[in-house]
Amino acid sequence: MTDFGRKLCGRRGRITGRQEAPMPIAQHGSRRRGAALTVFPLRLGVLATHPIQYQAPLYQELARRGVVELEFAFLSSAGAKPFYDPGFGVTLEWDIDLLGGYASTLLPRRRLRGKPAWLRSASRWLRQQDIVVLHGHSDPDILLAAAACRLLGIPYLLRGDSEAQSSATGMRRIARHLVAGTVVRNAAGALPIGQRNAAFYQRYARLPLYIARYSIDNERFQIAADAARPSRAKRLESLGLDPLRPTVVFSGKLTTQKRPLDLVAAVERSGAVFNLLLLGDGPLRGAVRDYQETLPVRCLGFVNQSEIPCWYAAGDILALPSGREPWGLVVNEAMACGLVPVVSDAVGCGPDLVDGIGEVFPAGNVDALAAALAVVAGDIPGRRERLRDRLEDYTIAQTAAGFEQAAVGLARPAATRPETSGGRSRS
């Protein structure tokens, strides 16, 4: 068990440590129909705003394992079809399947006049679940669903990336504090993604915490990167870069919050001993490209999911200098592809994923960033050897096991659930 697991043990959480193999199918109560006794599997509902590329592999894994009967409900189909992302500044269409492999339904948002009808539809869906996972705690419709769960007697689990210290100020901070406190205290439990997120839940209540770390499909990234690595030199040379230099990769939106210009400045102060690849788009792309004539810096624009491991394979170091980053799943991606992480202390995964493997520096301190890159560049082979061991605690299978343990431990009795209604019937 990692330090994170040991810290949570002994609290009111039900932490059972590492478990990757599926639990037995959760037979959740029974009802007699004449002389027959029908056993129902446990129903787990998950409510989220829209399909997200990082979440799809987890729900496909949960459905494949079959421990719980999973159904996902989305408030919007954005993400499953082309959509405009204001952070990237472009229209995106993910090139991986976000909806296949698990059951899902749409509970489309309604304007204010349509909220009563939406709430009736949501309540019908909620009644079919034995326990519900709510993604986030600030979206108005998610809050309505949390209130409906309380009224209907359906336990809900919280899943999100909030930290104990809010970035909001003034009345907004007070309002968020009040809302968060109410939602957390009424929850049956939570599925923390890491240490900082666990501290958020513990700030408001002593509720059961089931470790469900943020994870990605490590195997997919690793296989793709291994296949692309032999062409590393060719890829870098095609961009006019020296393949003998250590190569730093940035992956994300080119916005002020992500601070990509700090990374460009750190490369400049280092004497241009690093290549820098920026995989992403956004309002700062023009400012970044201004340096391409004088520095070994290349901005490739938005890179989709199926292609991004190939560009990670061209790198040695993943740098994420964000001024605020609740987790940073690009760190998981890059580590699965063999890159050593360098992140700011504002990146949420630092205490969990990066400590002891890469380097953490104070956000906004360009000199410290340049020094961290130099330290890692001097020991890339040694640090890479430790990457795989760290990632063993950050697999889709382990995250799925956390969901299953929480569902089995906290679901309502089956006798309180309607036998038939709406989408999932028991005939």
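Checking each residue in region 310-329 for being within 22 Å of Arg245 (Cα to Cα) and in a helix (DSSP H, G or I) picks out Cys310, Trp311, Tyr312.
Filtering Ala180, Ala175, Ala227, Ala233 for residues that are more than 22 Å from the chain's Cα centre (by Cα), more than 30 Å from Gly315 (Cα to Cα), part of a helix (DSSP H, G or I) and of a type in the set (A, V, I, L, M) leaves a single hit, Ala175.
Here the condition is being open to solvent by 30 Å² or more (accessible area, probe 1.4 Å), out of contact with any strand residue (DSSP E or B) (no Cβ under 9 Å at 6 or more places or on another chain), modelled with pLDDT of 95 or more and polar (S, T, N, Q); of Ser167, Ser121, it holds for Ser121 alone.
Residues are listed down the side, and each one gets a yes or a no for (1) open to solvent by 40 Å² or more (accessible area, probe 1.4 Å); (2) among the β-branched types (Val, Ile, Thr):
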{"position": "Ser238", "(1), (2)": "yes, no"}
{"position": "Val264", "(1), (2)": "no, yes"}
{"position": "Arg289", "(1), (2)": "yes, no"}
{"position": "Leu295", "(1), (2)": "no, no"}
{"position": "Arg324", "(1), (2)": "yes, no"}
{"position": "Ser344", "(1), (2)": "no, no"}
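When Ala272 is tested against the conditions (1) under 24 Å from Ser231 (Cα atoms); (2) outside any loop (DSSP other than H, G, I, E, B); (3) without any contact (Cβ under 8 Å) to a residue 40 or more places away in the chain; (4) open to solvent by 20 Å² or more (accessible area, probe 1.4 Å), the lone failure is (2). Checking region 219-228 against the condition returns no match, with no residue being open to solvent by less than 40 Å² (accessible area, probe 1.4 Å) and without any contact (Cβ under 8 Å) to a residue 40 or more places away in the chain.
Residues in region 371-386 that are part of a helix (DSSP H, G or I) and open to solvent by 20 Å² or more (accessible area, probe 1.4 Å): Ala371, Ala374, Val375, Ala377, Pro381, Gly382, Arg383, Arg384, Glu385, Arg386. Do you know which of the residues in region 133-172 that are assigned to a strand (DSSP E or B) and touching a helix residue (DSSP H, G or I) at 6+ places or on another chain (Cβ under 6 Å) is nearest to Glu71 (Cα to Cα)? Among those residues, the one meeting the criterion is Leu134. When region 53-65 is filtered for residues that are under 17 Å from Val133 (Cβ atoms) and either open to solvent by 30 Å² or more (accessible area, probe 1.4 Å) or not basic (Lys, Arg) (or both), the ones remaining, listed by number, are Tyr54, Gln55, Ala56, Pro57, Leu58, Tyr59, Gln60, Glu61, Leu62, Ala63.
The values are calculated or read from the model by the stated rules, or taken from the named source; none is laboratory data. Predicted model, so just to flag it, every value in this text is computed and none were measured. Here the Cβ is made from the backbone with ideal geometry for all residues, glycine too, and neighbour counts use every protein chain on show. Ligands, DNA and RNA are excluded from the accessible area calculation, which covers all protein heavy atoms including side chains. Shrake-Rupley method; radii C 1.70, N 1.55, O 1.52, S 1.80 Å.
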